[in-house]
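Presented below is the structure to which this report refers.
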């Protein structure tokens, strides 16, 4: 595959997703520049970063110049019911270069990181540009994922009941095998319940299952890893402006369309901002309050992403999204 110019830079606008037809990305004059010759077109490219940091713009720029299939690694962008609210690539972007695993899962369908990995495995005959902010997806892709058997619904229901009981979290943590208990955050209810369910269902601790993790689909020798980073205040401002743009472009209409089916326990209902917009549509809060709470929730989500990246993706190459540039607006 030929490169148009071995020294031409790939610049991505951290606050504008190049050709996003829905216009959810506000203009910005700061650029992060990566020399194109530093990106090998013969190897997969993995791009991670917090929400609103400009990952999709970089992926699109590279795909236009080098070719490749852009593959979604955002657990919220898989749902068919959300395009604007999750800042999925626009139809124009998808027409410009090939995209995969965006908006392909119907609400109500169970979908896991294991499902995502299996779908990615079926695409490996092409050069992939994997882009997203779901740390679990990206670490599973590059470090492997243990094949833990599914937990029966009855055990999951029992886990829910135990956790909800007074002192349930501490009792569930105490019931874990020592190796698993030492490895997980015992203050995290979801992690503790998951480990308890696996142990109860299989008689084998989660740490033991994880010890049998198969090789990753894309190891260090197969893919280049870029981690988009940004100043917290810069990103917070961008998140606020982007959500305002989402509201102008139909985010509330998306929430209204899903209102008859709303169930906060469903995976698709975890889209950032959706609970707040639904609360407004139900008359529980006014629209300015819903917008403010959605922006706060997005900032909290970005913080959680950064914590994951710092803790588990230290070997990824950092690229600063808010680097100063003299480029015009």
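Brief remarks on what is shown
- For the stretch 131-153 and the stretch 86-114, distance of Cα centres in Å: 18
- The stretch 93-175 shape via C-alpha gyration tensor axes, a/c threshold 1.5: prolate
- Our estimate of slack between residue 188 and residue 121, defined as 0.36 nm per intervening residue step minus the Cα-Cα distance, is 21.1 nm.
- In the stretch 234-305, the convex hull through the Cα atoms has an average projected area of 4.8 nm², a quarter of its surface area.
- Angle between the chain longest axis and helix 189-202 axis [Cα atoms, degrees, rounded to 10]: 60
- Inverse mean reciprocal Cα-Cα distance (Kirkwood Rh) of the chain, Å: 21.1
- Stretched out straight at 0.36 nm per residue, the stretch from residue 166 to residue 233 would grow longer than its current Cα-Cα span by 20.3 nm.
- Part-to-part distance (alpha-carbon centres) for the stretch 209-254 and the stretch 257-314, which is given in Å: 15
- The calculated FRET efficiency for the pair residue 248 and residue 303, based on their C-beta separation and a Förster distance of 35 Å, comes to about 0.85.
- Ranked for footprinting exposure by Cβ neighbours inside 10 Å, fewest first, 45, 277 give 45, 277.
- With R₀ set to 56 Å, the beta-carbon distance separating residue 95 from residue 177 gives a calculated FRET efficiency near 0.65.
- Computed from Cα positions, the angle between helix 232-248 and the longest principal axis of the chain comes to roughly 90 degrees.
- Column: log10 I(q)/I(0), Debye, Cα scatterers of the stretch 192-329, q = 0.09, 0.17 Å⁻¹: -0.47, -1.08
- Semi-axis lengths (Å, descending) of the ellipsoid that matches the C-alpha gyration tensor of the stretch 153-211: 17, 13, 8
- Take every DSSP beta bridge whose two residues both sit in the chain; close to 20 percent of them are antiparallel.
- Potential lengthening between residue 106 and residue 65 on full extension [0.36 nm per residue; Cα-Cα distance subtracted]: 11.5 nm
Bear in mind these aren't lab numbers, they're just calculated from the coordinates by the rules spelled out. Worth saying up front: this structure is predicted, and the values here are computed from it rather than measured. For neighbour counting, all protein chains shown are included, and Cβ atoms are generated from backbone atoms with ideal geometry for every residue, glycine included.
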